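Structure first, then comments.
Only the coordinates and a few stated rules stand behind these numbers; no lab work does. As the structure is a computational prediction, the values presented were derived from the model and not from experiment. FYI the Cβ positions are ideal-geometry reconstructions off the backbone, even for glycines, and counts take in every protein chain you see.
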Amino acid sequence: LVSRKKKQEDTLISLGDVTIGGGSPIMIAGPCSVESYEQVRTVAAALKEAGITVMRGGAFKPRTSPYDFQGLGIEGLKILKEVAAEFGLKTISEIVDPAHIELASDYIDVIQIGARNMQNFELLKAAGDVKTPILLKRGLAATLDEFVHAAEYIVSRGNTQVMLIERGIRTYEKATRNTLDISAVPILKQETHLPVLVDVTHSTGRKDILAPCAKAALAAGADGVMVEVHPDPATALSDAAQQLNIPQFHDFYAEVKKSGLM
Ligand code: PEP
Ligand code: MN
């Protein structure tokens, strides 16, 4: 169902007055984790000022270590909803439990399925049973064929509002946190009709190469880029090393726009 052979036209994701896919790329930004009302509000105000329409922020955090910050859960979703309403932003947040898929639409506009859950088939099926748009992340070591099949799980249950996001894969290279697979973008665009985005933060884990990687993603045909922004990255409860602060975000976004690719 997700194949271009089945449907030639691009799938568009419509979030009220914001559309993802179909030719005008979007920048999605926000903190790794929702940590507090003030933290999210500070980021939202900056994003709004920059003209950003979709904010990300994790409330359920699938962390490598059980001793790391696990997120604020439903409380975090409530914060996102309140702040988004104040600033007129759309929101994306990860859901990890199939039991939360239905209630997620009370709080957020897009459900993210994280890399670690790309093949959590019960979660994919639950995501397929609702109408809420889904942002599906590529698994840490997933082939493109496995990635596309994960999307097929969702679409085959009836939810056609699915976007794919490349977020880097595991390789032997240590210079970046993961290896950004740029070739995934044109391949997924060719093979499927779904919007394809690139998460430059998790794929590189490095603030110093985000702009060139975002430009590469857009030049390769990506429908959008996602980046992490935090008011004070050094104190962040997750991914402290890789989040941009607000002035850095403004510079990053200006540089990407200067390319004329978005
Ligand atoms: C995230 O985007 O918040 C995240 C946890 O990323 P990933 O699932 O790609 O590791
Ligand atoms: Mn993160």
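In the stretch 1-99, what percentage of the DSSP-assigned beta bridges are antiparallel, given to the nearest 5? Could you put the intermediate results ahead of the total?
On the way: 3 of 9 bridges.
Rounded to the nearest five, the antiparallel share is 35 percent.
Mind ordering 255-261, 157-163, 217-223 by average Cβ neighbours within 10 Å, highest first?
By packing density, highest mean first, the sequence is 217-223, 157-163, 255-261.
What share of all Cα pairs of the stretch 19-172, in percent, falls into each consecutive 10 Å distance bin?
Spelled out per bin, shortest first, that is 11, 40, 37, 11, 0.
Of all the Cα-Cα pairs you can form in the stretch 107-157, what percent are over 19 Å apart? Walk me through the numbers before you get to the answer.
Details: 208 of 1275 pairs.
Every Cα pair in the stretch 107-157 considered, those over 19 Å come to 16 percent.
Please order Asp129, Asp109, Asp208 by the number of other Cβ within 10 Å, starting at the fewest. Could you put the intermediate results ahead of the total?
Numbers: Asp129 14, Asp109 22, Asp208 7.
So the residues, fewest neighbours to most, are Asp208, Asp129, Asp109.
Which of these, Leu144, Leu244, Leu80, has the largest mean-square fluctuation under a Gaussian network model of the chain (Cα springs below 10 Å)?
Leu144
Check the straight Cα-Cα distances from Lys258 and name the lysines below 17 Å, setting aside those fewer than 8 residues away within the same chain.
Lys215
Mind checking the full-extension length gain between Ser156 and Ser3? Use 0.36 nm per residue of separation minus the Cα-Cα distance, one decimal, nm.
53.9 nm
Dividing the convex hull volume of the Cα atoms of the stretch 82-196 by its residue count, what figure in Å³ per residue is obtained? Walk me through the intermediate numbers first.
Values: hull volume 13.3 nm³, N = 115.
So the per-residue hull volume is 116 Å³.
What does the net charge come to around Ala99 if you take all other residues with beta carbon closer than 14 Å to its beta carbon, with K and R at +1 and D and E at -1?
On the way: positive: Lys125; negative: Asp97, Glu102, Asp106, Glu122, Asp129.
Cβ neighbours under 14 Å give a net charge of -4.
Hey, with R₀ at 22 Å, roughly what FRET efficiency would Lys48 and Ala234 work out to, going by the Cβ-Cβ distance, to 0.05? Provide the component values of the computation, followed by the final result.
Values: r = 24 Å, r/R0 = 1.08.
With a Förster radius of 22 Å, E is 0.40.
How about Lys61: which lysines have a C-alpha closer than 22 Å to its C-alpha, ignoring those fewer than 8 places off in the same chain?
Straight-distance partners of Lys61: Lys78, Lys81, Lys90, Lys125, Lys137, Lys207.
What aspartates and glutamates does Lys7 reach when the alpha-carbon gap must be under 14 Å and sequence neighbours fewer than 8 apart in one chain are set aside?
Answer for Lys7, where 14 Å is the Cα cut-off: Glu152, Glu191, listed by chain and number.
What fraction of the Cα pairs in the chain, stated in percent, has a spacing above 32 angstrom? Kindly include the intermediate steps, with their values, before the conclusion.
Values: 4362 of 34191 pairs.
Cα-Cα pairs of the chain separated by over 32 Å account for 13 percent.
Order of 164-170, 73-79, 13-19 by packing, highest average Cβ count within 10 Å first?
On the way: 164-170: 23.7, 73-79: 18.1, 13-19: 14.3.
Packing proxy ranking, top to bottom: 164-170, 73-79, 13-19.
I need two numbers for the stretch 210-262: Rg to one decimal and Dmax as a whole number, Cα atoms only, in Å.
So, for the stretch 210-262, Rg and Dmax equal 12.0, 35 Å respectively.
Give me the three principal axis extents of the stretch 139-262 from the C-alpha atoms, as integers in angstrom, largest value leading.
Here the Cα extents, ordered largest to smallest, are 42, 31, 28 Å.
Over the stretch 1-89, how many percent of alpha carbon pairs lie in each 10 Å bin up to the one with the longest distance?
Going from the shortest bin to the longest, the percentages are 15, 37, 27, 17, 3.
Write down the percent of antiparallel bridges among all DSSP beta bridges whose residues are both part of the stretch 132-224, to the nearest 5.
Details: 1 of 9 bridges.
Taking every DSSP beta bridge with both residues in the stretch 132-224, the antiparallel ones total about 10 percent.
Identify which of Lys125, Lys174, Lys215 has the largest mean-square fluctuation in a Gaussian network model of the chain, with springs joining Cα atoms closer than 10 Å.
Among Lys125, Lys174, Lys215, the largest GNM mean-square fluctuation belongs to Lys174.
Of His193, His202, His149, His230, how do they rank once you tally other Cβ atoms within 10 Å and put the fewest first?
Values: His193 20, His202 24, His149 16, His230 28.
In order of increasing Cβ crowding within 10 Å: His149, His193, His202, His230.
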